[in-house]
Amino acid sequence: MDTVRAMNHFLLIANSLPVMPLLAAIRRRPEIWQADTYLRDYPQGPFGEVESIILRFPPVSVYELEEDAQKHLDDRRYDPHECVDRPEYKVLHEARPLVMNLMSFVQGERLGRVMINRIKPGGKIFRHADTPEHADYWTRHHIVIDAKPGCVIRCADEQFDFRTGDCFWFNNKLEHEVINNSSDDRISMVIDIRTSR
């Protein structure tokens with residue numbers, strides 16, 4: 001992977017990654033988009049127009065009841081950054097080499113959330129900034145699985161039109177949004193990695 005292009009809030013790490021096996025696997029299993037609706041259903045979250053396949057995520061039980069979450073937070077042994085493999089990660093095993101190659105390239109020390117998001121034509125991920133606790137701990141990367149011209153990601157005062165096979169970092173501490181103005185679905189894999197900085 002070669003560094004190709006840099007901006008202040010984005011860094012294109014690679015392009016032309018071999019994403020077609022993963023895209024084909026997703027298309028063979030359309031029902032997998034309905035396996036988990038946690039992000040889409042999250043109250044007042046920015047993902048109301050997005051379908052997600054959650055491959056790695058914090059244990060769901062932490063988020064099910066607010067009082068249970070507080071009990072975990074009060075437990076000094078509780079790690080708020082712990083993420084676990086979900087069953088979908090075994091089903092979509094084509095994702096694993098992309099994730100592990102990125103981990104190796106950025107010399108990752110810990111793998112966090114891994115999610116595949118789909119935005120329909122005309123849809124968006126609404127403006128938001130990730131929580132400081134999350135954004136300070138993890139480095140956010142995307143691998144674009146399928147995107148046509150017109151799919152724009154904006155971060156603060158910059159925007160970019162990434163394409164299928166692109167892998168990039170961006171500063172998710174800043175306000176950002178994704179808008180799909182193309183005529184097809186925009187599918188991207190979000191990968192959080194802890195690096196030594």
> Scanning segment 135-168 for residues that are part of a strand (DSSP E or B), surrounded by fewer than 20 Cβ atoms within 10 Å (Cβ to Cβ) and in contact (Cβ under 8 Å) with a residue 60 or more places away in the chain, which turns out farthest from the chain's Cα centre (by Cα)?
Replying inline: E158
>> With the requirement that a residue be part of a loop (DSSP other than H, G, I, E, B) and buried (at least 17 other Cβ atoms within 10 Å of the Cβ), what does segment 9-49 give you?
In response: H9, N15, L17, V19, D36, P46, F47
> Name the pairs whose Cβ atoms lie under 9 Å apart, with the first residue in segment 80-102 and under 18 Å from D36 (Cβ atoms), the second part of a loop (DSSP other than H, G, I, E, B) and among the acidic types (D, E), and 6 or more positions between them or separate chains?
Replying inline: R86/D36; E88/D36
>> Considering only segment 72-89, I want to know if a residue exists there that is in contact with a Ser or Thr (Cβ under 8 Å, 6 or more places away or on another chain), surrounded by fewer than 16 Cβ atoms within 10 Å (Cβ to Cβ), outside any loop (DSSP other than H, G, I, E, B) and at pLDDT below 65.
In response: no
> Which of the residues belonging to segment 169-197 are of a type outside the set (S, T, N, Q), part of a loop (DSSP other than H, G, I, E, B) and surrounded by fewer than 17 Cβ atoms within 10 Å (Cβ to Cβ)?
Replying inline: L174, E175, D184, R197
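The values are calculated or read from the model by the stated rules, or taken from the named source; none is laboratory data. Worth saying up front: this structure is predicted, and the values here are computed from it rather than measured. Using ideal geometry, Cβ is built from the backbone for each residue, glycine included, and neighbour counts are taken over all protein chains shown.
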